[in-house]
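Each remark here refers to the structure printed beneath this line.
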Amino acid sequence: MRGMLPGRLLKIDPPWSLRLGLICLVALSASLPIAWVSISKALLFVYGLIFLLSRSWTNVDKDPPNVLWTTRIILTLLVVFAASLVWTQADLENGLTAFVRHAKLMSTILLVTLIRSLCEARVAVIAYAGGQSFLLLSSWMMFLGIPIPWSVDAPTPYIVFSSYLDQSIMFATGAGIAWHLQNERIWAAWAGVGFAVLALINVLLLLEGRSGYIIALTSLSLAAMWALPRRLRAATLVATPLMVAAGLLVGSDQVQERVTKIFAETTTYAKTHHVGERDSSAWRLNAWYRSAQAIQEEPLLGHGVGAWTPVVKRLQGNDAKRIFGEGNLSNPHQEYLLWGVELGIAGILLLFALVVGVGKDALGLPTNTRRATVSVAVAMAVACFFNSALFHDLLGDYFCVTLGLLFALGLHTKAKAGPSTATAALQTKETYPA
């Protein structure tokens, strides 16, 4: 059949400018409203599919993502999610919708595949940094009282496009990337340091995201650990978050208020098992408890992709609609439990395997990119403990795009450096606290 296809169709390869333009659009859109994210993701998947099919027909040598454990794990888990549509307890529409949300992980593979050189990787990372900088400066302009017509009407202050949850996690993660890549000749060192400082201050003192606080402390801890001699790294990794957290508790009324609220809501739920209208901590605890019950019901195969909401609503009983709302597309704000309900214990293991795979692949990259990628992997792993970070439409796309760009940058940097430098990088014994 292959011989029947016109040779011209087998060699379809749109101009490099179109491909790079699409890559930059995806990188930039990670910091923009969800409509931009959806459009750029759809274009990426369509073009990526055409690109992969055309290269398979022309017998092109293996692309960089084929050497990544991350690629193998993502493809495996997507096959498992697709197979679970056979036994899912969700209706077909909601099952397919949930599968599409999980399938955004393919963005990482497609970006690594489509970025063909170190120059293209750097241009894409610059586009990504431009979007992040625009988002950060917009938030600071709102703090300074400068009106910006492109912001949304958010219930919390200094939010530009989405919510305090998304924005705080993105800034906390982006701070680590800006810091670790300051010596990669992509942007000036002062720009990387400036972004990291402004982003962390924004998260810790202006925004309200408690998950953002934790990830900001994580990014700070990793940066401090790698900045010191090896013998001091373990102590630094423990001392840094404790010292910064103590300082924030003493000096920030907002942090004190948020921590007090967590304890109050948690204590009330422990005593009464009641979830109030605005008790976010109690809502999470209840959702996690119902998720654990659901996993206990089907520990081997799970309830199938998209089945979290109908299952926990059944377990919740008469109060389900008030707590979990209308429809069947809610989530437990905890990625590990979400995958556990949908795929059983194997789902939780697959998610851990994904995090470990990203970390393993990062260890083979040059130092600066390795540290940036590990920082993102740890931030993603931590975010998944308190939110459905990968399932989330905006935040999940942010993590997938970020990892794809960093892998592409690291792989092409290593390839250009030559075998000797690459071997030295692989032999470097880096502290990896994932």
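The values are calculated or read from the model by the stated rules, or taken from the named source; none is laboratory data. Values in this document were obtained by computation on a predicted structure and should not be read as measured data. Counting neighbours? That spans all protein chains shown, and the Cβs are built from the backbone with ideal geometry, glycine included. Keep in mind that these areas ignore ligands, DNA and RNA; they rest on the heavy atoms of the full protein, side chains included. Shrake-Rupley method; radii C 1.70, N 1.55, O 1.52, S 1.80 Å.
Mind checking the per residue accessible area of segment 165-237 for me, 1.4 Å probe, whole number of Å²?
36 Å²
For a Förster distance of 35 Å, can you work out the FRET efficiency between the beta-carbons of residue 385 and residue 416, rounded to the nearest 0.05?
Taking R0 as 35 Å, the efficiency between residue 385 and residue 416 is 0.45.
Can you give me the distance in nm between label points at residue 235 and residue 296, each placed 7 Å from the Cα along the Cα-to-Cβ direction?
Distance between the two pseudo-spin positions: 4.5 nm.
Once Rh is set to the Kirkwood radius over Cα pairs, what Stokes-Einstein translational diffusion coefficient, in µm²/s, holds for segment 101-153 at a temperature of 4 °C and a viscosity of 1.567 mPa s?
Here the translational diffusion coefficient equals 95 µm²/s.
Pairs of alpha-carbon atoms within less than 8 angstrom and 6+ residues apart define the contacts here; what relative contact order does segment 337-413 have, in percent?
Details: 51 pairs, mean separation 20.2, N = 77.
Taking the mean separation of contacting Cα pairs over the length of segment 337-413, I get 26 percent.
Inverting the mean 1/r over all pairs of different Cα atoms, compute the Kirkwood radius of segment 287-415 and quote it in Å.
15.7 Å
Return the FRET efficiency for the residue pair residue 50, residue 189: r is the Cβ-Cβ distance, R0 is 60 Å, and the value is rounded to the nearest 0.05.
0.95
Tell me the chymotrypsin sites (Phe, Trp or Tyr not before Pro) within segment 129-181 that lie in a loop according to DSSP and have at most 16 other beta-carbon atoms within 10 Å.
Qualifying residues, ordered by number: 150.
Need one word for segment 124-230: rounded, prolate or oblate. Basis is the Cα gyration tensor (sqrt eigenvalues a ≥ b ≥ c); a/c below 1.5 gives rounded, then a/b vs b/c decides.
Oblate.
At 0.36 nm per residue, minus the direct Cα-Cα distance, what do residue 143 and residue 356 gain on full extension? Give it in nm, one decimal, please. It would help to have the intermediate numbers written out before the result.
Numbers: separation 213, 0.36 × 213 = 76.68 nm, distance 3.83 nm.
Fully extending the segment from residue 143 to residue 356 adds 72.9 nm.
What distance in nm separates the simple spin-label points at residue 85 and residue 156, each placed 7 Å from Cα in the Cβ direction?
3.5 nm
Rule-of-thumb check for segment 341-411: C-alpha Rg over 2.2 N^0.38 Å?
1.12
With every protein chain left in place, what is the accessible area per residue of segment 349-412 in square angstrom, probe 1.4 Å? Numbers along the way, then the final one.
Numbers: 1270 Å² over 64 residues.
Result: 20 Å² of accessible area for each residue.
Counting Lys and Arg as +1 and Asp and Glu as -1, each charge on the Cβ, what is the dipole of segment 104-249 about the Cα centre in debye, to the nearest 20?
Value, rounded to 20: 560 debye.
Specify the inter-centroid distance of segment 370-388 and segment 67-140, based on alpha-carbon positions, in whole Å.
First find each Cα centre; the distance between them is then 15 Å.
Could you calculate the contour length gain from residue 17 to residue 201, that is, 0.36 nm times the residue separation minus the distance between their Cα atoms, to one decimal place in nm?
Full extension of this stretch gives 62.5 nm more.
Regarding segment 175-228, what's the average projected area of the Cα-atom convex hull, expressed in nm²?
Values: hull surface 14.4 nm².
Its Cα hull, projected and averaged over all orientations, spans 3.6 nm².
How much solvent-accessible surface does residue 99 expose, in Å² to the nearest 10, with a 1.4 Å probe and all protein chains in place?
Residue 99 has an accessible surface of roughly 50 Å² with all protein chains in place.
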